[in-house]
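Engineer: This structure is in structure tokens; I'll ask about it shortly.
Bear in mind that the values in this text are calculations on the coordinates, not laboratory data. Values in this document were obtained by computation on a predicted structure and should not be read as measured data. Please note: Cβ atoms are built from the backbone with ideal geometry, for glycine as well, and neighbour counts cover all protein chains shown.
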Amino acid sequence: MGKDCGNHHDDHFRNGCRRLLKVLLGMAFIVAVIALIVYLVLRPTHPSFFLQDASLRQLDLSNSSGLLSTSLQVTVASRNPNDRVGVYYDRLDVYASYKYQQITVAASLPAVYQGHGDVDVWSPVLDGPNVPFAPYLASAISQDCQAGYLILQVKIDGRVRWKVGSWISGHYHLFVTCPAFLVTSGGNGAPGASGFKFQTTTYCHVEV
């Protein structure tokens, strides 16, 4: 009799645990569905990025050692086009590249929250002292300078979160590519910062 009572107590406990687990799973499912519906209804639009300026301070190539030293200051603007969705920029690393090779050290921008329709502007200095440079790229950049133009890419690698009311999403990877088109009045036959001027504000390609 005592053994039967013990088994009955264990069965009652297990049934209670199962019911509690079902309730918790049901609540988690409902919360997930609500979050998905909110996301699908509002569907955040990617933030817009623009390269407003790029000032080339240094561009020195050593053919003997295959090293490139670069320094430029860029001005990048970001706008949140969403009416009801905010954006947390938790990490933003900016660097410059030439033909897909990174030529500067990444500069970290301060974390910021961007409200509805807000605009933020950053002007970091990007430095790349003595970066190893492939011979074919050294030849390509010399030819570009002789032709009187230089096309660099300003890239941003970061992590963002969306905010809808009090709900905040998980992290999403942000990758931005901004073309920087610089020209000079005449070719000087060798790489160098002198004479190169940024032409016009460019729209950046954004992936989230």
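Engineer: Have a look at 176, 20, 149 and report the one farthest towards the positive end of the charge dipole of the chain, computed about the Cα centre with Cβ charges (Lys/Arg +1, Asp/Glu -1).
Structural biologist: Most positive-ward Cα: 20.
Engineer: Quick check: the angle from helix 135-147's long axis to the longest principal axis of the chain, C-alpha only, nearest 10 degrees?
Structural biologist: The helix 135-147 is inclined about 60 degrees to the chain.
Engineer: Ranked highest first by average number of other Cβ atoms within 10 Å, how do 44-57, 170-183 line up?
Structural biologist: Taking the mean over residues of other Cβ atoms within 10 Å, the ranking is 44-57, 170-183.
Engineer: Shifting gears a bit: To make sure I understand, if each residue's beta carbon is the centre and we count other beta carbons within 10 Å, what order do 71, 142 fall in, fewest to most?
Structural biologist: Going from sparsest to densest Cβ surroundings: 142, 71.
Engineer: Consider the candidate values (1) 1.01; (2) 0.96; (3) 1.31; state which one is Rg/Rh (Cα atoms, Kirkwood Rh) computed from the structure displayed.
Structural biologist: (3)
Engineer: Using a simple charge model, +1 on the beta-carbon of Lys and Arg, -1 on the beta-carbon of Asp and Glu, nothing else, what dipole does region 62-208 show about its Cα centre, in debye to the nearest 20?
Structural biologist: 140
Engineer: Give me the one-decimal nm value for the distance between modelled label points at residue 57 and residue 15, 7 Å along each residue's Cα-to-Cβ direction.
Structural biologist: Roughly 7.6 nm, to one decimal.
Engineer: Compute the angle between helix 2-42 and the longest alpha-carbon principal axis of the chain, please, reported from 0 to 90 degrees and rounded to the nearest 10.
Structural biologist: The angle comes out near 40 degrees.
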